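In what follows, a single structure is set out as C-alpha cells and then discussed.
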Amino acid sequence: METPAALVESKPRPRDDIHENPWLTLLYLAFVFVPLVFYPGATGWPLGASLLAILLFLPLHFRFYRVAAPERPLLVFAVALIGYALVPFNAGGQTFLVYACAMAGWSFRPRLATAVAALMMSLLVAEFFLVMPTLRLALAWTGMAVLVSAMVFTGTLFSRHKARRDAELRLTQDEVGRLAAMAERERIGRDLHDLLGHTLSLVAIKSELAGRLVDRDPAAAKAQIGEVETVARQALAQVREAVVGIRATGLQAELAAARLALLSAEIRLDQRLEPLALSAAAEPVLAMALREAVTNVLRHAGATRVEVELSRRGAALCLAISDDGRGGAATPGNGLLGMRERLAAVGGTLDIDSPPGAGTRLLLKLPAAAIEGPAP
C-alpha cells in the first residue's frame, strides 16, 4: 500500500526533483569536457561526440522534471545509454551516468533504485576496463565514477526521504486541522443547543401566551411581553459569553498547533508543564501569548530549538518561552505590546530577555488567581 507521500511523489513536482531548479544541474555538464583537456585530439571526434551527447541529453533532462512517475524510468535508461555511447570517445561520458543515478533515486523505490544504480555503475566499470588503453586509467576513471555516483545517489535518496517526510507532515497538519475544526463545530453545536434551545422555546411559549391574552387581559399580555424581553436579553448576554469562549483557544491546543508549526520549520520544541488548572480568564491570555511567541520565532528568530515551561513560583503562575535564535528582540513590536496589554488586563506582567546572538526568553507572570487548582 502506498503511503500518502508516495501518492504525492507520483505527480510531477519539478521543484522537488534532484535540485530545485533544472537549470542548476546543467552546471555539472562541464565535467563532460574535463577529460578532453588531457586528450591530444580534443577538437576531433571526442569533442563532436560530447556536443552531440549533450544535445541528446538536454530534452531528456528537462522532460524528467515535467513528466509523471511512470515515464521516468525510461528517461533514466535513455540518459545512461547516452553515457555508455560517449565513454569510448570521451571518459567524461560518466557524467551522464551520474545524472542517471540521481534520476533513478527519484524514479524507483529506494531498494530498486539502489539495484538499478548498482547495475548501471557495474556496466560502466566493465566498459572502462574494455575501452581504456591501460589498467591504471581504467582504475582511475572507475574509482572516480563510482565515488561521485555514490555520493550523488545517496544525496538524492536523502532528499527524497526529506520530501516524503515533509509531505507526510503537511498531510498530518491538514488532518489535525480538519479534526480540530470538526471537534470545534461539534462543541459549538452542543453549546448553542444547550444555550438557546430552552431559551427560544420559552420565548415562543410566552409570545404565544401573550397573543392569546392581548384581547382578554392586556395587562397580563404586557407582563408576558416584558418577560419575553427579559429572557431575550439574558439569551443575548449568554450568546456573547459563548462567543468569547468559542474564540478562546486552550493552552494545550495552542501548544499542539505550535509543535506542528515548528516541526514543519525543523525547529525542536521541548515542553515542561506542571499539571495546573488555569482560570478561564488566564488560559486564553497564555494561549495567545504562546501563539505570538511561536510566530515571532518562525518569522524572525532563526532558531533550532524552542522551550516552553509552565510552573508555579510561589503564589505566581509563570510561563517561560525561550529560543536559541539570533535574539535582539528587546524592542517590542505590535505583537509583544499586545501580549503585554492582555497580560496587564488580568494582572500579569511580561519580562523580555533577548541579548543579540543569544536567543530570546519571554517570562509571563500571572497572579495566584490564574490558578484554579491541580489539573483534573
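Looking only at region 262-276, filter to residues that are hydrophobic (A, V, I, L, M, F, W, C) and within 17 Å of Ser322 (Cβ to Cβ); which one of those is surrounded by the most Cβ atoms within 10 Å (Cβ to Cβ)?
Here the answer is Ile267.
Just name the residue that is surrounded by the fewest Cβ atoms within 10 Å (Cβ to Cβ) out of those in region 280-302 that are in contact with a Lys or Arg (Cβ under 8 Å, 6 or more places away or on another chain) and of a type in the set (A, V, I, L, M).
Per the criteria, the residue is Met288.
Okay, residues lined up against (1) over 39 Å from the mean Cα position of the chain (by Cα); (2) outside the structural domain of Thr134 (by TED's automatic domain parsing); (3) at pLDDT 80 or above:
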position	(1), (2), (3)
Val8	no, no, no
Pro22	no, no, no
Phe33	yes, no, yes
His61	no, no, yes
Ala69	no, no, no
Ala91	yes, no, yes
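With the condition kept exactly as written, say whether any residue in region 159-169 is out of contact with any helix residue (DSSP H, G or I) (no Cβ under 6 Å at 6 or more places or on another chain), surrounded by fewer than 15 Cβ atoms within 10 Å (Cβ to Cβ) and either modelled with pLDDT under 70 or under 18 Å from Arg259 (Cα atoms) (or both).
yes
Could you tell me how many of the residues in region 275-319 are over 22 Å from Gly359 (Cβ atoms) and without any contact (Cβ under 8 Å) to a residue 40 or more places away in the chain?
5
When Leu350 is evaluated against the numbered criteria (1) surrounded by fewer than 21 Cβ atoms within 10 Å (Cβ to Cβ); (2) among the aliphatic types (A, V, I, L, M); (3) modelled with pLDDT under 85, which criterion, by number, is the only one it fails?
(3)
Would you check if there is a residue in region 59-67 being out of contact with any helix residue (DSSP H, G or I) (no Cβ under 8 Å at 6 or more places or on another chain), among the charged types (D, E, K, R) and not in a loop (DSSP other than H, G, I, E, B)?
No, there is no match, as no residue in region 59-67 is out of contact with any helix residue (DSSP H, G or I) (no Cβ under 8 Å at 6 or more places or on another chain), among the charged types (D, E, K, R) and not in a loop (DSSP other than H, G, I, E, B).
Determine, yes or no, whether Leu130 is at pLDDT below 90, of a type outside the set (S, T, N, Q) and farther than 23 Å from Pro22 by Cα.
yes
Of all residues in region 268-297, which are basic (Lys, Arg), in contact with an Asp or Glu (Cβ under 8 Å, 6 or more places away or on another chain) and not in a helix (DSSP H, G or I)?
Across region 268-297, the qualifying residue is only Arg272.
Considering each of Leu81, Leu97 in turn, give the residue that is part of a helix (DSSP H, G or I), over 26 Å from the mean Cα position of the chain (by Cα), buried (at least 24 other Cβ atoms within 10 Å of the Cβ) and not polar (S, T, N, Q).
On inspection, the qualifying residue turns out to be Leu97.
Restricting to region 133-152, count the residues that are β-branched (Val, Ile, Thr), surrounded by fewer than 17 Cβ atoms within 10 Å (Cβ to Cβ) and at pLDDT 85 or above.
Going through region 133-152 one residue at a time, the tally reaches 0.
I need the full set of residues from region 56-78 which are crowded, with 23+ Cβ neighbours inside 10 Å and β-branched (Val, Ile, Thr), in order please.
Val76
The values are calculated or read from the model by the stated rules, or taken from the named source; none is laboratory data. Given the structure is predicted, the values throughout are model-derived calculations rather than measurements. Using ideal geometry, Cβ is built from the backbone for each residue, glycine included, and neighbour counts are taken over all protein chains shown.
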